[in-house]
Amino acid sequence: MFYCAHMVHSHIAHFYALAAPDFVLGPTSDPAERNILGVVAKVGLEIGGEVIKHRAYAQDIQNTIGGKATHPVFGLPGGISKPVTEEERKGFEEKARSEVEFAKFSLKLFNDVVLENKDYLALITGDIYTMKSYYMGLVDSQNRINFYDGDVRVVDEDGKEIVRFSPAEYLDYIAEHTEPWSYLKFPFLKKTGWKGFIEGRESGIYRVSPLARLNVADGMATPLAQAEYEKMYQTLGGKPVHATLAFHWARLIELLYAAERLLDLSQDKEITSPEVRTIPTATPDEGVGIVEAPRGTLIHHYQTDNNGIVQKANLIVATCHNYPAMNMSIKKVAQAAIKKGEEVSEGLLNMVEMAFRAYDPCFGCATHTLPGQMPMEVTIYDSQGEVVRRLSQNLPDR
Amino acid sequence: MKAARRIPLMKKMLAQFGIEEERVRLDWVSASEGDRFAQLVNEMTEEIRRLGPFSGNGGKADD
Amino acid sequence: MTKPKIALYWAAACGGCDVAVLDTNEKILDIANLADIVFWPVALDFKYHHVEEMADTSIDLCLFNGAVRNSEQEEIARLLRAKSKVMVAFGACACFGGIPALGNFTTRDEIFERVYIESPSSANENRTFPQTLTKVEEGELDLPEMFDTVMTLAQVVDVEYFIPGCPPPVDIILKVVDLFASGQLPPVGAIIASDKTLCDECERTKEEKKIARIYRPHQIIPDPNRCLLEQGIICCGPATRGGCGVRCVKANMPCRGCFGPPPGVIDQGAKLVSAIASIYQSDGQEDINRMLEDIVDPAGTFYRFGMADSMLKRKSLPQGERRA
């Protein structure tokens with residue numbers, strides 16, 4: 001229940017603060033307006049207020065259950081530290097109902113503002129934002145998306161399952177490559193091996209994310225989300241979908257799923273049970289946990305001493321899984337959007353960033369070293385190899 | 001008697017900082033044990049000489 | 001009249017402080033009305049060059065979260081300092097080092113060896129490591145240099161105010177905005193939280209502080225109404241500044257010290273050693289040995305958020321120091 005609320009807050013923030021500006025204001029609009037504040041100004045204070053309110057509901061639920069919404073403290077070996085009271089549960093149920101309505105509204109907004117706009121639809125389905133890859137996600141025993149529990153399933157670019165493994169086996173299937181120009185590593189499927197930054201079946205590159213999860217699953221576990229899932233695949237020409245910008249559409253379908261599930265769980269008689277933890281009777285020495293974070297599969301692997309103190313840790317986070325693909329998506333947009341004789345602009349940089357934003361705003365967890373900001377430079381050469389223009393951000397002066 | 005508990009805990013923690021156990025010593029000397037006190041101080045001084053200067057802990061130059 | 005300008009930045013951070021600002025909910029719109037947010041990487045599209053083009057001290061308030069652990073973060077800290085009238089260390093990481101400062105128990109070389117070679121998923125027989133400069137066909141790619149030591153913001157630039165917490169609670173964030181808007185910011189150097197310890201704010205019943213055993217949170221199910229420390233669970237409350245609303249203890253988990261040391265305490269970890277050892281009852285060496293065994297990781301427990309701000313700052317480096 002906590003985790004569904006977390007998904008709700010995060011998907012709302014990612015869609016409305018990161019993705020929506022490009023679509024509501026337009027990809028090449030003035031950067032001063034092309035942000036969450038510009039979105040609120042454009043769609044109106046009432047809708048803006050609803051966005052904020054529903055994100056706040058989700059944070060409230062997490063605050064109540066977890067102590068804090070950010071950096072919650074309620075988890076510990078054996079369970080969680082505090083049960084949910086009946087009064088709290090009633091509050092959650094009410095909020096969850098509202099979240100379901102808001103998720104439906106968000107999908108409608110996406111439909112009206114994005115899908116009904118021929119240019120945006122062309123952008124989404126167009127080649128420059130498309131990438132064929134393998135997809136990875138956590139599924140339950142019926143192959144439906146599960147954020148919290150299950151096996152990892154990987155499908156190929158035609159949607160066929162190629163591997164399925166339990167968390168403890170992840171090292172048999174995933175490895176990470178290193179390049180000297182990045183602190184972040186590049187995961188790949190061991191089955192295929194690291195073949196460099198190439199697309200397609202021969203490549204070891206795979207993607208995670210809401211879209212990957214929907215591609216990997218046979219369906220959604222809740223009815224309204226299932227209907228939207230079917231509609232997306234129908235609109236975009238079948239499964240799997242390779243359009244990077246469709247990550248945002250999938251994100252909203254998941255928002256609906258998370259809201260429905262939140263409502264279901266808040267109505268479960270057992271949710272207010274006072275028995276929320278046991279005292280562990282043994283100390284493990286190793287463990288692997290895999291969940292689906294908002295932006296994709298999250299792997300935590302720990303080795304502990306006989307006091308249960310972590311000695312070694314290995315994390316592969318969603319952004320890391322996506323990192324090879326992110327680089328390729330950005331390159332593809334840049335190569336396609338720079339046309340000979342046409343002026344290169346800040347709007348171009350933004351279109352490149354849109355490819356990145358579909359995946360993630362956050363490099364922090366992924367590198368383990370927390371550099372915090374993505375340096376980016378687009379250097380444009382003419383056919384003689386002379387530098388025509390250099391657009392950069394977050395780089396020291398040359 | 002709080003020192004009897006504080007010092008061992010402090011030593012355990014300092015070890016995690018890479019500070020050798022021998023740099024901190026807790027002992028009990030009464031006011032009338034002048035010779036013993038001198039002996040303990042000399043022993044400790046030798047021990048610290050043997051360990052050498054503390055190898056530094058980063059931070060800014062003015063630390 | 002021109003609106004005041006606010007900037008926000010994230011250095012060695014998890015993003016939670018920016019999320020906390022978003023958690024001001026509808027009041028974010030008031031903030032945007034009151035001031036122009038001229039730089040906020042997570043939410044707005046302004047770039048470093050926009051900041052460079054600003055006149056010095058033209059930013060009225062800069063909320064800087066995250067610790068400083070690489071050359072880019074240090075550079076931007078200095079840049080924002082030059083462009084800002086008021087610099088605020090926002091959150092536990094900027095104030096004290098935070099969780100990233102636990103990296104001060106190791107070194108860059110050790111981290112690199114672990115991340116790029118030893119970690120079980122690494123496939124790196126060539127022993128490739130990230131470089132600050134890589135030459136490729138098309139030119140050069142550079143990376144910020146990673147330091148051995150994580151620093152607080154104040155160890156890099158002058159800081160006017162400190163807002164502690166992991167993350168800072170929404171009511172304190174709004175209070176700071178209010179004080180700023182009404183021109184009533186406190187004297188420089190203030191830590192914007194309570195002047196007392198967490199214990200002062202905590203409503204659990206407190207009797208006598210004497211414990212015979214220490215338990216880790218998963219080892220017992222504590223009474224939700226009694227002081228956790230008195231039940232043997234290490235709670236950093238006695239050596240932690242209050243003002244957080246006691247959110248963790250209300251969730252039945254002990255305080256971990258994210259608001260930093262209370263007034264009058266220079267080193268939070270040392271104070272905790274003193275406090276915990278003081279209340280432990282011992283009749284002899286056996287009891288003392290048991291206490292030492294029960295506290296499995298004193299450094300990590302007592303300096304969880306405050307390593308960079310402590311007196312020792314880090315574990316000793318092998319030979320000399322490479323950088324900071």
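The values are calculated or read from the model by the stated rules, or taken from the named source; none is laboratory data. Not measured: the values here are computed from a predicted model. Counting neighbours? That spans all protein chains shown, and the Cβs are built from the backbone with ideal geometry, glycine included. Side chains are part of the model used for accessible areas, which takes the heavy atoms of the whole protein and leaves out ligands, DNA and RNA. Shrake-Rupley method; radii C 1.70, N 1.55, O 1.52, S 1.80 Å.
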For this session: Only one of these is more than 24 Å from C:Tyr215 (Cβ to Cβ) and either buried (at least 20 other Cβ atoms within 10 Å of the Cβ) or away from chain A (no Cβ under 14 Å) (or both): C:Gly264, C:Gly257, C:Gly269. Name it.
Result: C:Gly264
Problem set entry | Any hit, the range A:91-105, residues being over 27 Å from the mean Cα position of the chain (by Cα) and open to solvent by 10 Å² or more (accessible area, probe 1.4 Å) | yes
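Could you tell me how many of the residues in the range A:205-224 are part of a loop (DSSP other than H, G, I, E, B) and in contact (Cβ under 8 Å) with a residue 60 or more places away in the chain?
Residues that pass the stated criteria total 7.
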For this session: Say whether the condition of being touching a residue at least 40 places away in the same chain (Cβ under 8 Å), of a type in the set (Gly, Ala, Ser) and away from every other protein chain (no Cβ under 12 Å) is met by at least one residue in the range C:13-29.
Result: no
Problem set entry | Residue pairs meeting the criteria (Cβ under 9 Å; at least 6 apart or on separate chains; first under 19 Å from A:Gly79 (Cβ atoms) and assigned by TED's automatic domain parsing to the domain that holds C:Ile295, in the range C:234-256; second of a type in the set (A, V, I, L, M) and assigned to a helix (DSSP H, G or I)) | C:Val249/C:Leu198; C:Ala251/A:Ile65; C:Pro254/C:Leu229
Exercise. Scanning for something in a loop (DSSP other than H, G, I, E, B), at positive phi and crowded, with 24+ Cβ neighbours inside 10 Å, does the range C:114-134 turn up at least one residue?
Worked result: no
Exercise. Mind checking which residues of the range A:131-169 are open to solvent by less than 70 Å² (accessible area, probe 1.4 Å) and of a type in the set (Gly, Ala, Ser)?
Worked result: A:Ser133, A:Gly137, A:Gly150, A:Gly159, A:Ser166
Problem set entry | From B:Ala38, B:Ala3, residue being touching a Leu at 6+ places or on another chain (Cβ under 7 Å), over 30 Å from C:Thr107 (Cα atoms) and assigned to a helix (DSSP H, G or I) | B:Ala3
For this session: Being over 18 Å from the mean Cα position of the chain (by Cα), assigned to a helix (DSSP H, G or I) and either small (Gly, Ala, Ser) or within 14 Å of chain C (Cβ to nearest Cβ) (or both) is the filter here, so list the residues in the range A:225-283 that pass it.
Result: A:Ala227, A:Ser266
For this session: Return yes or no: is C:Ala89 touching a residue at least 60 places away in the same chain (Cβ under 8 Å), under 22 Å from C:Thr301 (Cα atoms) and not in a loop (DSSP other than H, G, I, E, B)?
Result: no
Seminar exercise, completed: Taking the range C:60-75 and keeping only residues that are buried (at least 20 other Cβ atoms within 10 Å of the Cβ) and out of contact with any Leu (no Cβ under 7 Å at 6 or more places or on another chain), one is left with C:Leu61, C:Asn65, C:Gly66, C:Ala67, C:Asn70, C:Glu72, C:Gln73, C:Glu74
Seminar exercise, completed: Subset of the range C:38-55, residues open to solvent by 20 Å² or more (accessible area, probe 1.4 Å), within 9 Å of chain A (Cβ to nearest Cβ), touching a residue at least 24 places away in the same chain (Cβ under 8 Å) and hydrophobic (A, V, I, L, M, F, W, C), comes to C:Val42
Exercise. Quick check: is even one residue across the range C:187-205 within 14 Å of chain A (Cβ to nearest Cβ) and either in a helix (DSSP H, G or I) or more than 28 Å from C:Ile234 (Cα to Cα) (or both)?
Worked result: yes
Exercise. Given the residues C:Glu74, C:Glu160, C:Glu118, which is the only one that is assigned by TED's automatic domain parsing to the domain that holds C:Val51, closer than 30 Å to B:Gln16 by Cα and out of contact with any helix residue (DSSP H, G or I) (no Cβ under 9 Å at 6 or more places or on another chain)?
Worked result: C:Glu74
Seminar exercise, completed: With criteria (1) surrounded by 24 or more Cβ atoms within 10 Å (Cβ to Cβ); (2) over 30 Å from A:Glu88 (Cα atoms); (3) modelled with pLDDT of 95 or more, A:Ala258 comes up short on (2)
